[in-house]
Structures are given as structure tokens and as C-alpha cells.
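Visitor: So that we are looking at the same thing, I have put the structure below in C-alpha cells.
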Number of protein chains: 2
Amino acid sequence: MTAKAEVPSAASALPMALDAVGGDFGALPNVEGAVLAARAGVSVLLVGDRVKLHAELGKYAGSSGLPLEVVDAADVIGMDEHASDVRSRTEASINVCTRLVKEGKAAAAVSMGHSGATMASALLTLGRIKGVDRPAILTHLPAKSGFTTLLDAGANADVKAQYLAQWARLASVYLRVVEDKENPTVGLLSIGEEDHKGSALVLETHALLRDMHGKTLNFHGNIEGRDIFLGTTDIVVTDGFTGNVVLKLAEGEAKVLFGWVREALGSTLKSKLGGLLVRGALRGLAERMDPSTYGASILVGVRGLAFIGHGSADARAVKNALLRAARAHEAQLIPKLEAAFAQK
Amino acid sequence: MTAKAEVPSAASALPMALDAVGGDFGALPNVEGAVLAARAGVSVLLVGDRVKLHAELGKYAGSSGLPLEVVDAADVIGMDEHASDVRSRTEASINVCTRLVKEGKAAAAVSMGHSGATMASALLTLGRIKGVDRPAILTHLPAKSGFTTLLDAGANADVKAQYLAQWARLASVYLRVVEDKENPTVGLLSIGEEDHKGSALVLETHALLRDMHGKTLNFHGNIEGRDIFLGTTDIVVTDGFTGNVVLKLAEGEAKVLFGWVREALGSTLKSKLGGLLVRGALRGLAERMDPSTYGASILVGVRGLAFIGHGSADARAVKNALLRAARAHEAQLIPKLEAAFAQK
């Protein structure tokens, strides 16, 4: 199993709580993803309708021998419902997940369901790390060499400079602790590399980050949209509006561009022949651009691990999200974030 | 000449004023682009150092028979200088260009030089169309079918809702008049399609656009980053910060992705063979993504035609920018924009 290398040795100590009925396709991809993760050594609590989940699990021969357990949750917040419902619907699967984390019974809450509901539930149940005003969604985008870490990918449409500064710090600790990247560089997304260019928000944030440079993070300076795919900096920090537009544009453009490549390869007999020969080489590329490869984004800034995936996630994405959650737990991300912010 | 179809019949009435010494590569691509445009029937005033431009023109056999004329300008604003220099350096080539437009001696100012200086010069010399608070950069991005029109692509980092509403209207008239697109759809870039989602700016702009729907424009509603390449709406309106990030990300991503495709095609003997067969089919695609295809962006909202290109523009981009400028002039864009805004 190629993913074995990613699996933390002590992951079995605490299971991951998976919102197993959340997302566009309900239990199906969630249960399959959990089975794949369990086979790779990660134990999972499948949270949701007990009968439905047992029925789904029954499809996998030998699943009874895997580190999987069903935790009943009578309710689930639908993709079209309101995020604020998490306040009143305490038995919703996502609330059960975050409570399991709060109570120390699970290492992380992982959901492909309603992302607003996941954020709200995580924030309400787990609270914030001391020194963090607002949690942010941290995500990865493919870049020329490796990947770029982007935040906020959509949790906060309206922001203050201090939020961005805190997020840059959270991401710096995250990359060091979880991805073994020492002293990662931080770029502030702007519309020109010069210090004096950008919006009022960028100018104010730039000053804060410059003050933090060499102390709590490694500030590269302002970067532009083109730098995200070039991988000019390890981390790109921006407001949740711009970050969400970036994430969705990047995914949408890749999809359309690869569609055009496919079309072009089928346009003439000659290119069709060539297409057959290059298919294998291009497949690896498509995988590199596939959001499933990263599995899910992490909500950084809350006092506990919470991962938010695409509603349309497939089993591979669910599995990868669970593996990432296990790695973050193994790396003791939350205590290390708290320690970093306690130092001031 | 395939571009002939694009050439307006009466373009010779007034020449285009080209900032022929502006841009990363100075006179070279500008003069070549002007020669190409002139051969396609567009007359051009080459503005810049007289000696340098005549020397460059001398390289083209038969250029003396083309509708090209040199207008001397002793100064040029360098790419690393300050945009505000246009105030004091009245003999800078870009200022000469915009003055030629103001005085009715040229139809449009076209520059591949310092974009901030071009914007400042156009605004100072030509003024604003009545009813427009701030000019915006209108640009085109390739989309699934045809192209998407995006604005503001970077003129205004900090904005108000009313600016966005005015830009949506300017773009609607532009597409109708210059691109023969009747009743083009307007999408407001946000982070969720629902009316109640987005930043405070988006919520306020949404209300303004909803009021204008069916009267001065055709409002589709909020769209997301992924819709830009899907071409969900003809026009995408956003603030100049987000718009500039979108434009540069889109260009940067395309470059990196096509680089990966090329790499993949050269990775094995089999894919190399296939690569030779598909090369022709992919070349058309690369051209579709090449910013040179669109030539330059238009600064809408000023009282006169002003086009702003990439500093790294090649001769093809310069030529296409001049053809676009001629088409906008032929279509009487400025009087039609003024008439539309006069109606309230």
C-alpha cells in the first residue's frame, strides 16, 4: 500500500471522527474512504445514521476486522440548509464529531458535508486557540515544484490586518510541524510586488508582517496572482474573499484547460494516435491537479483538529483527508500551535 | 491576411496614437506591431524619439508606403518610474499620445508601457465620462466557449459598490457596441452563488445591480471563481484587487499547466513520439491562452479611447491592440457610452 509511508505510527491511539453521512453523495464515498484509511492503519469513528452506516459497511468483506466503529447520530445538516442550524440541532452528525474531539474521544473531526456548518460547529464546540481572533481555512494548491499553502480559502469574507498576520503565523507552524518545512516563506497576496502597492488592507498587513519577520515568521514580501502557481513562497496569505476566488478559479481553470487538451487530442486522426501514446504521461498530471489528492482543508485557529472537504469528494479524497488528519494529530499540531501563540 | 476581417472600413479617418517607445522592449516590438497593423489597414502615429523610431522603421521595406507617421516625444516614463511623473513630465510619450486623442488628432492612445502612468495620463488628459466615478481596466479571459470580460483588472484596489455598478454598465455597453453581444449577462464575483453570501461590498453591490436589472443591464446574480473559465456570464464584475489577482493567477496557472503538459510529453520515448503527433493540435490551444491574442485591455470610463497592454508585449500583441482600438473607434464606443450614461 503506497500510502503506508504517510501513516503515523501511533494513529491508533485516538480515532478520527468522520461525518460519514455528510457531502453530496452521503454515506457511500465516506464509508469507502474510511475502509481505505483503516486498511492503511488509521482508526475511524463513522458518525451518522447507525443502520445506514452498518449496511454500507457490510459491503466490505473483512471490514469487521478493521479499526472502524459506528457512532450513531440521528440528524445531519443538509448541503442546502443553514450553517447556523448547528446551534440548535445538537444531534447533527457534525456536532457529534466535534464533541468527540472536545471530549478527547477522537483526534480530529473530518467532514465532506456543509462547510459553513463544519466551521460553525468546530468554532462553537472547540473554541479558538488563545491569540487567534478568527479561524481560517488552510488549503494546498499545486505549484511548479510541490505545492503552495493558501489561507484564508473562504472562512472570512471581511477581515482585519491582524487576522492575516495571525494566519500567516498559524500556517508557518503548520508547515513546520506537519510538513517538516523549516522556516517556510510567507507571501502577502497583492497587486504588485512593491511594498507601497496594494489595497489599504494589504498596506496595513504588510507593516505587521514586516515587524514579525525574523521573529515569529519568515516574511518574503508582497506577491502577485502569478506567484501562486510558480510557488514563489511556501505560504500565501490573503483575505477569505480573495482566497476563495483564487481556489475556485484555480480548480475551474485546470478543469477547463485539461478539457481543451483532451479535445485537442481527439481533433484529428493524427492527434488521436498521438493522444493514445501520451495518455499515460498526462494521467499523472491530471492527478496532480485533482483536489482529491489533498483530501481536505484544515480549519486552523480552532482548539482541535477540524478538516473540511469538497461536498463532491470521492472515496480517495475521504481517505486522504483521514490520513492527513492522522498525521496532524501524530505531529501534535494543536499543542504546538498553542505553545507558539502562548510565547507571544 | 486573416485579421483583415477585423479591420474597420473607416479606420483610416483617424490614426491610432501608439506609445512606440513604451514597454519592456522599447521601440522594437512596437514598430513591428505598427507595421503589421498598418499593412492590415490601420493608420498609426508612432509616438517617441524621432531618430530611434525612423531608424527602426527603416528596417521594413516598403514601410514608407504605409499609413504610418512618427510624432516626436523627447521623454518616456520608464517601467520602474512613478506613475505620478505624468503630471510634471508633459513631453513623455504617453502624455503626447493622450493629448493627440484629446485634440481630436488621434482616435485612441495605445501603450505597452507603464500601466499606472497610462491610466494617470488618460485620466488627467481625457477626464471621465459623466456619471462614472472611477475608470476601470476591462480585459478578456479565454472561457469554455469564447471569452469572459472581466473588470476591474487592477485600476482600483479599494472601491465602493457604486463603482462596480457603473463598471457593469460600462462593460454591458462595450460588449454590445464593440462585440455585437446583445444584452450581455453580468455576474458579480463572490464566494457562493447565494444572494446572502459574500463580503459586505458584494452584498451592497448585489442590491444595486438587482435594481438595475432589466433597465440598464442584465444581471445574472452572484458567481464564483470557477465560473470565470466556464463562461457562466459574459461579464464578471469585481474590485480591482480581486480582478488583478484573478488575471495574474489565470495567466500564471495556464503557463505552469502548459509547461507541465510539455514536460509530460517529453518524459518517455512513447510520450515523445505521441508529442510529435499532437504538437499541432496543442499549438492552437496555447495561442488561445496567450494574452497577445487580445492585445491590450481598455481603460473604460475615461472620455476617450485608451488601451493598456502587457509590458512584455510582442509585435503580435501590439498589432492586435491597434486593431482593437480601431474597432472601438469605428464602433463609436465613446459617444455611445456617453449617451448611455446621459440617459441615467
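The values are calculated or read from the model by the stated rules, or taken from the named source; none is laboratory data. Since this is a predicted model, take the numbers as computed values, not measurements. As a convention, Cβ positions derive from the backbone with ideal geometry for all residues, glycine included, and neighbour counts pool all protein chains shown.
Visitor: Any chance you could count how many residues in segment A:167-195 are farther than 18 Å from B:A157 by Cβ, in contact with a Gly (Cβ under 7 Å, 6 or more places away or on another chain) and either polar (S, T, N, Q) or surrounded by fewer than 19 Cβ atoms within 10 Å (Cβ to Cβ) (or both)? Outline the logic, then answer.
Guide: Narrowing segment A:167-195 to residues farther than 18 Å from B:A157 by Cβ: A:167-186.
Within this subset, residues satisfying the condition of being in contact with a Gly (Cβ under 7 Å, 6 or more places away or on another chain) are A:170.
Among the residues that remain, those that are also either polar (S, T, N, Q) or surrounded by fewer than 19 Cβ atoms within 10 Å (Cβ to Cβ) (or both) are: none.
Final tally of qualifying residues: 0.
Visitor: Still on this structure, I have one more. Among the residues of segment A:229-246, which ones are in contact with a Leu (Cβ under 8 Å, 6 or more places away or on another chain) and either over 23 Å from A:Q162 (Cβ atoms) or surrounded by fewer than 24 Cβ atoms within 10 Å (Cβ to Cβ) (or both)? Talk me through it step by step, then tell me what you get.
Guide: To start, the set of residues in segment A:229-246 that are in contact with a Leu (Cβ under 8 Å, 6 or more places away or on another chain) comprises A:229, A:234-239, A:242-243, A:245-246.
Within segment A:229-246, A:F229, A:D234 qualify.
Visitor: Here's another thing I want to ask about it. Is it true that A:E224 is at the interface with chain B (Cβ under 7 Å from one of its Cβ atoms), within 17 Å of B:A153 (Cα to Cα), in contact (Cβ under 8 Å) with a residue 12 or more places away in the chain and over 21 Å from the mean Cα position of the chain (by Cα)? It would help to see each step written out before you state the result.
Guide: Details: at the interface with chain B (Cβ under 7 Å from one of its Cβ atoms): yes; within 17 Å of B:A153 (Cα to Cα): yes; in contact (Cβ under 8 Å) with a residue 12 or more places away in the chain: yes; over 21 Å from the mean Cα position of the chain (by Cα): yes.
So A:E224 fits the description; yes.
Visitor: Of all residues in segment A:248-272, which are more than 7 Å from every other protein chain (Cβ to nearest Cβ) and either closer than 16 Å to B:L247 by Cα or assigned to a helix (DSSP H, G or I) (or both)?
Guide: The initial filter retains those residues of segment A:248-272 that are more than 7 Å from every other protein chain (Cβ to nearest Cβ), namely A:255, A:258-259, A:262-263, A:266, A:269, A:272.
Passing the criteria: A:K255, A:F258, A:G259, A:R262, A:E263, A:L269, A:K272.
Visitor: Right, here's the next one. How many residues are farther than 18 Å from B:M119 by Cα and not in a helix (DSSP H, G or I) if we restrict to segment B:309-326?
Guide: 1
Visitor: Another question, if that's okay. Considering only residues of segment A:237-246 that are facing another protein chain (nearest Cβ under 7 Å) and among the hydrophobic types (A, V, I, L, M, F, W, C), which is nearest to B:A254 (Cα to Cα)?
Guide: Only one residue tops the list, namely A:V246.
Visitor: Continuing with this model, one more query. What are the residues in segment B:273-293 that are facing another protein chain (nearest Cβ under 8 Å) and not basic (K, R), if any?
Guide: B:L273, B:G274, B:G275, B:L276, B:L277, B:V278, B:G280, B:A281, B:L282, B:G284, B:L285, B:M289, listed by residue number.
Visitor: The conditions are (1) more than 18 Å from the chain's Cα centre (by Cα); (2) at pLDDT 95 or above, and B:G62 fails exactly one of them. Which is it?
Guide: For B:G62, the failing item is (2).
Visitor: Quickly run through segment A:34-59 and pick out the residues that are over 20 Å from the mean Cα position of the chain (by Cα), more than 20 Å from A:I94 (Cα to Cα) and assigned to a helix (DSSP H, G or I).
Guide: If the condition is that a residue be over 20 Å from the mean Cα position of the chain (by Cα), more than 20 Å from A:I94 (Cα to Cα) and assigned to a helix (DSSP H, G or I), then A:R39, A:A55 are the ones that fit.
Visitor: Tell me yes or no: at least one residue of segment A:214-221 is part of a helix (DSSP H, G or I) and buried (at least 24 other Cβ atoms within 10 Å of the Cβ). I'd like the intermediate steps shown before the answer.
Guide: Let us first name the residues in segment A:214-221 that are part of a helix (DSSP H, G or I), namely none.
Among the residues of segment A:214-221, not one is part of a helix (DSSP H, G or I) and buried (at least 24 other Cβ atoms within 10 Å of the Cβ), which makes the answer no.
Visitor: Conditions: (1) facing another protein chain (nearest Cβ under 8 Å); (2) modelled with pLDDT of 90 or more. A:A325 meets all but one. Number of the miss?
Guide: (1)
Visitor: Here's another thing I want to ask about it. Please find, among B:G295, B:G284, B:G231, B:G311, the residue that is over 18 Å from B:R134 (Cα atoms), in contact with a Ser or Thr (Cβ under 9 Å, 6 or more places away or on another chain) and free of Cβ contacts under 8 Å to residues at least 40 places away in the same chain. Step through it out loud before you land on a result.
Guide: Numbers: B:G295 fails: in contact with a Ser or Thr (Cβ under 9 Å, 6 or more places away or on another chain); B:G231 fails: free of Cβ contacts under 8 Å to residues at least 40 places away in the same chain; B:G311 fails: free of Cβ contacts under 8 Å to residues at least 40 places away in the same chain.
Testing whether each residue is over 18 Å from B:R134 (Cα atoms), in contact with a Ser or Thr (Cβ under 9 Å, 6 or more places away or on another chain) and free of Cβ contacts under 8 Å to residues at least 40 places away in the same chain leaves just B:G284.
Visitor: Also, quick follow-up: Can we say B:T148 is at the interface with chain A (Cβ under 9 Å from one of its Cβ atoms) and under 17 Å from the mean Cα position of the chain (by Cα)? Don't jump to the end; show me each part of the working.
Guide: Details: at the interface with chain A (Cβ under 9 Å from one of its Cβ atoms): no; under 17 Å from the mean Cα position of the chain (by Cα): yes.
So B:T148 does not fit the description; no.
Visitor: If you don't mind, there's one more thing I want to ask. Would you check if B:A326 is aliphatic (A, V, I, L, M) and within 12 Å of the chain's Cα centre (by Cα)?
Guide: On the way: aliphatic (A, V, I, L, M): yes; within 12 Å of the chain's Cα centre (by Cα): no.
Here the answer is no, as B:A326 does not meet what is asked.
Visitor: Quick one: would you say A:T205 is in a helix (DSSP H, G or I) and hydroxyl-bearing (S, T, Y)? If you could, list the steps in order and put the result at the bottom.
Guide: Values: in a helix (DSSP H, G or I): yes; hydroxyl-bearing (S, T, Y): yes.
Here the answer is yes, as A:T205 does meet what is asked.
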